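Engineer: Could you have a look at this structure, given as structure tokens, before my questions?
Any read-out appearing in this document is the output of simple, stated calculations on the displayed coordinates, not a laboratory observation. The model shown is predicted, which means the values in this text are computed figures rather than measured ones. Heads up, the Cβs are rebuilt from the backbone with ideal geometry, glycines too, and the neighbour counts pull from every protein chain shown.
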Amino acid sequence: MSQSTSDGGIDVASFVEDWNLGRIAQYTLVILFIGFFLAPLETGLMTALKTNEAVARSIPLVPPTGEGFTLGNLRFAFDRLSGAFFNSLFMAIPATLGSVLLGSMAAYGLTMVDWRAQILMLALFLIGIFMPYQAVLVPLSRFWNNIFPLASMITPLFQTLPFLQGYHANLVPLIITHIAYGIPICTILFRSYYQSLPNSLVEAGKIDGASITKIYRRIVLPISKPMFGVVFIYQFTQIYNEFLFAFTLVTGADTPEAPVTLILPAVGASTSGIDFGIRMSASFLAAIPTLIIYVAFAEQFAKGLQTESG
């Protein structure tokens, strides 16, 4: 009996020792930081569910009640952005796939294949990363509109394709631009990953008589899946949220081919002012595709970061 009492006393003492003032202060600080970073998200969500009158007369963090609660903001924002969602995905998905795949190939050629002028080519990729968007806007616009009007050339073809309209051809130059501008950063990210791989994999393929292309397709590509998750998430987020190229190459926010980033600033705005409930609803809806991408590639993303840090 005394033995069990002493054991119980030891357990209580260990529990009290573990939960000392330092640990309590640590957890309190963590909770405060979590609340600090989640407060804007909670404020935006509460605003999205309120009428414009409720937004004006209530505290932003307080949930809507009674007649102040509405789902009309979400319905209105979705109707306004539905076409833009398709445009953005039509632009972002092929642009992301193209830049990620070509970046992987370029990194493989710069890392695991020996040839002349590798350092020079790597330097050109680095220059491409640091070249600002603003420096290429005028040449880019003149090229796609005057020198090589690709959109007008392929518009008749798009009119015959299912699920597409002729105006979607105006997004093709934007897709090619994002691919070209995304290849350098994707190449550098993949190169850092390929440098961590053992050269014995490539040497074993060469001994078996495999070509450079076959080694990439059969050996390097399958083991690059974690890094593909990392780069795909990064590149999709960049392209989907990009504004400057879209603003330059697309005629305007009132055109049918406008992506989400062009339409979003005008949602909820009127001559009487800004409806913040509609504006926040549109912002949350616009973030859903990137959220889905993060969830879909979360496992590969974690493995890729783990591999690169290791």
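Engineer: For the chain, modelled as a GNM with alpha-carbon contacts under 10 angstrom, which of ALA77, ALA204, ALA48 fluctuates the most?
Structural biologist: Among ALA77, ALA204, ALA48, the largest mean-square fluctuation in the Gaussian network model of the chain belongs to ALA204.
Engineer: As a footprinting exposure proxy, order SER270, SER99 by other Cβ within 10 Å, with the fewest listed first.
Structural biologist: By the 10 Å Cβ count, ascending: SER270, SER99.
Engineer: Turning to a different aspect of this structure: Could I have the simple spin-label model distance between ASP114 and SER283, label points 7 Å from Cα toward Cβ, reported in nm to one decimal?
Structural biologist: Distance between label points: 5.5 nm.
Engineer: With springs connecting C-alpha atoms under 10 Å apart, model the chain as a Gaussian network and identify which of ARG80, ARG57, ARG23 has the largest mean-square fluctuation.
Structural biologist: ARG23
Engineer: How would you rank 115-122, 170-177, highest first, on the average number of other Cβ atoms within 10 Å across their residues?
Structural biologist: Result, highest mean first: 170-177, 115-122.
Engineer: Got a sec? How would VAL295, VAL136, VAL260 order by Cβ neighbour count within 10 Å, fewest to most?
Structural biologist: Ranking VAL295, VAL136, VAL260 by Cβ neighbours within 10 Å, fewest first, gives VAL295, VAL136, VAL260.
Engineer: Still on this model: Quickly work out the ILE59-to-ALA210 label distance, labels modelled 7 Å from Cα along the C-beta direction, and quote it in nm with one decimal.
Structural biologist: According to this spin-label approximation, the distance is 6.3 nm.
Engineer: Would you kindly state how much longer the chain becomes between SER270 and PHE163 on full extension, computed as 0.36 nm times their sequence separation minus their alpha carbon distance, in nm to one decimal?
Structural biologist: 35.3 nm
Engineer: Have a look at ALA180, ALA253, ALA123 and tell me which one the Gaussian network model of the chain (Cα, springs below 10 Å) gives the largest fluctuation.
Structural biologist: Answer for the Gaussian network model of the chain: ALA123.
Engineer: Let me ask something else about it. Restricting to Cα pairs below 8 Å that are 6+ residues apart, what does the relative contact order work out to for the chain? Please round to a whole percent.
Structural biologist: 27 percent
Engineer: Taking neighbour counts of Cβ atoms within 10 Å as a proxy for exposure, in what order, fewest first, do PHE236, PHE148 appear?
Structural biologist: Least crowded to most crowded, the residues run PHE148, PHE236.
Engineer: Treat each spin label as a single point 7 Å out from the Cα along the C-beta direction, and report the LEU244 to ILE147 distance in nm.
Structural biologist: 1.9 nm
Engineer: Using the beta-carbon distance between LEU97 and GLU203 and R0 = 30 Å, what value does 1/(1 + (r/R0)^6) give for FRET efficiency, to the nearest 0.05?
Structural biologist: Working from the Cβ atoms, E equals 0.50.
Engineer: Only helices at least 30 Å long along their own axis, judged from Cα atoms, and with Kyte-Doolittle mean hydropathy of -1.0 or greater: name those in the chain from DSSP H.
Structural biologist: For the chain, where a helix must reach 30 Å along its axis and average at least -1.0, the hits are 21-48, 72-111, 172-194.
Engineer: Once the Cβ-Cβ distance between SER192 and PHE69 is put in as r, and R0 is 51 Å, what FRET efficiency do you end up with, to the nearest 0.05?
Structural biologist: Computed FRET efficiency for SER192 and PHE69: 0.55.
Engineer: Just tell me which lysines come within less than 17 Å, Cα to Cα, of LYS303; anything on the same chain fewer than 8 places away is out.
Structural biologist: Excluding near neighbours in sequence, the set is LYS225.
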